[in-house]
Amino acid sequence: MSLSHKGQPSEQLLCAEEGTTYHCNQGPIMPNYKLTYFNLRGRAEISRYLFAYSGIKYEDHRLEGADWPKIKPTIPFGKVPILEVDGVIIHQSLAIARYLARESGLAGQTPVEQALADAIVDTIDDFMILFPWAEKNQDVREKAFNDILTNKAPELLKDLDAFLGDNKWFVGKSVTWADFYWDVCSTTLLTYKADLADKYPRLLALRDRVQALPAIAAWIQKRPKTTI
Ligand SMILES: N[C@@H](CCC(=O)N[C@@H](CS)C(=O)NCC(=O)O)C(=O)O
């Protein structure tokens, strides 16, 4: 199903509402979205999932590494991803994704659900930022990655598994961006340690459920193939 504004099915939005420009039966005119990042899944992939699931059109702008030194000074705060919304630049990957989750009805159904979804995302992110992603020395990098995957990951996985329990999704009765973030991040972690989550079949099954959502399955099939 293609969702329009705030996750409402587009056919439910009628032609006219005071003060808002509508396309007949298509909801409000969507802003112009441009997501800029490198040609990686990395910190932009959660937003690409949200765009894919909601069916909201956007430009998936992928920078060449060689062009980055020239582009960096032109970007507020000098980091990517950024999302341009009708020319307004939003930085920080999770601020971008949280905005898109709210726009597409995937942030959680109540304020408490939204806080819980945020908390799961932040918990996973706290773990992801332990890795020295920019380390150039291969030995140092490999040692640090192995240490984190072997010694620190089990605690995170145990806690995520306990939080999920036998529920279908991390929060509430429907999929949220927290489930997407788990899938996106664990996909990267599993490239470094394939058996990482073998002791947690419920967390692996959650990955399968996310990846089986038709719009996500289609995106995974079509996205550029990159290592991370
Ligand atoms: N907390 C920020 C981190 C942004 C960040 O460090 N981006 C990296 C790529 S993953 C970057 O722009 N690196 C290039 C640089 O710092 O020059 C976010 O989540 O967006």
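What are the residues in segment 190-217 that are among the β-branched types (Val, Ile, Thr), touching a Phe, Trp or Tyr at 6+ places or on another chain (Cβ under 7 Å) and over 21 Å from ASP166 (Cβ atoms), if any? Explain how you work it out, then say what you get.
Taking segment 190-217 as the starting set, the residues that turn out to be among the β-branched types (Val, Ile, Thr) are 191, 210, 216.
Of the ones still in play, those that are also touching a Phe, Trp or Tyr at 6+ places or on another chain (Cβ under 7 Å) are 210, 216.
Across segment 190-217, the qualifying residue is only ILE216.
Kindly indicate whether ILE82 is touching a strand residue (DSSP E or B) at 6+ places or on another chain (Cβ under 9 Å), of a type in the set (A, V, I, L, M) and surrounded by 15 or more Cβ atoms within 10 Å (Cβ to Cβ). I'd like the intermediate steps shown before the answer.
Working: touching a strand residue (DSSP E or B) at 6+ places or on another chain (Cβ under 9 Å): yes; of a type in the set (A, V, I, L, M): yes; surrounded by 15 or more Cβ atoms within 10 Å (Cβ to Cβ): yes.
Yes; evaluated as a whole, the condition is true for this residue.
Residue-by-condition table, conditions (1) touching a helix residue (DSSP H, G or I) at 6+ places or on another chain (Cβ under 7 Å); (2) touching a residue at least 24 places away in the same chain (Cβ under 8 Å); (3) more than 19 Å from LEU116 (Cβ to Cβ):
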position	(1), (2), (3)
PHE145	yes, yes, yes
LEU157	yes, yes, no
ALA205	no, no, yes
PRO214	no, no, yes
LYS222	no, no, yes
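Inspect segment 160-177 for any residue being crowded, with 18+ Cβ neighbours inside 10 Å and within 16 Å of the ligand (Cβ to nearest atom) and give the result as yes or no.
So far as segment 160-177 goes, yes, one or more of its residues are crowded, with 18+ Cβ neighbours inside 10 Å and within 16 Å of the ligand (Cβ to nearest atom).
Could you list, in sequence order, the residues of segment 41-67 that are of a type in the set (D, E, K, R), within 15 Å of the ligand (Cβ to nearest atom), surrounded by fewer than 21 Cβ atoms within 10 Å (Cβ to Cβ) and in contact (Cβ under 8 Å) with a residue 24 or more places away in the chain? Give the steps one after another, and end with the answer.
The initial filter retains those residues of segment 41-67 that are of a type in the set (D, E, K, R), namely 41, 43, 45, 48, 57, 59-60, 62, 64, 67.
Okay, now just the ones that are also within 15 Å of the ligand (Cβ to nearest atom), so 41, 43, 45, 48, 62, 64, 67.
When the remaining residues are screened for being surrounded by fewer than 21 Cβ atoms within 10 Å (Cβ to Cβ), the result is 62, 64, 67.
Those that are of a type in the set (D, E, K, R), within 15 Å of the ligand (Cβ to nearest atom), surrounded by fewer than 21 Cβ atoms within 10 Å (Cβ to Cβ) and in contact (Cβ under 8 Å) with a residue 24 or more places away in the chain: ARG62, GLU64.
Which condition from (1) without any contact (Cβ under 8 Å) to a residue 12 or more places away in the chain; (2) within 12 Å of the chain's Cα centre (by Cα) is the one that PRO201 breaks?
(2)
Out of all the residues in segment 68-75, is one or more within 30 Å of VAL175 (Cβ to Cβ), more than 10 Å from the ligand (Cβ to nearest atom) and either more than 16 Å from the chain's Cα centre (by Cα) or assigned by TED's automatic domain parsing to the domain that holds PHE38 (or both)? Full working, then the answer.
We begin by selecting, within segment 68-75, every residue within 30 Å of VAL175 (Cβ to Cβ); these are none.
Looking through segment 68-75, none of the residues is within 30 Å of VAL175 (Cβ to Cβ), more than 10 Å from the ligand (Cβ to nearest atom) and either more than 16 Å from the chain's Cα centre (by Cα) or assigned by TED's automatic domain parsing to the domain that holds PHE38 (or both).
Among the candidates ALA119, ALA134, ALA66, single out the residue that is under 23 Å from LEU160 (Cβ atoms) and of a type in the set (Gly, Ala, Ser).
So the residue among ALA119, ALA134, ALA66 that is under 23 Å from LEU160 (Cβ atoms) and of a type in the set (Gly, Ala, Ser) is ALA119.
Take segment 77-88 and flag every residue that is within 12 Å of the ligand (Cβ to nearest atom) and out of contact with any Ser or Thr (no Cβ under 8 Å at 6 or more places or on another chain). I'd like the intermediate steps shown before the answer.
Start the filter on segment 77-88 by keeping residues that are within 12 Å of the ligand (Cβ to nearest atom), which leaves 77-83.
Those that are within 12 Å of the ligand (Cβ to nearest atom) and out of contact with any Ser or Thr (no Cβ under 8 Å at 6 or more places or on another chain): PHE77, GLY78, LYS79.
The values are calculated or read from the model by the stated rules, or taken from the named source; none is laboratory data. Note that this is a predicted model, so its numbers are computed, not measured. With ideal geometry, Cβ positions are generated from the backbone for all residues, glycine too; neighbour counts draw on all protein chains shown.
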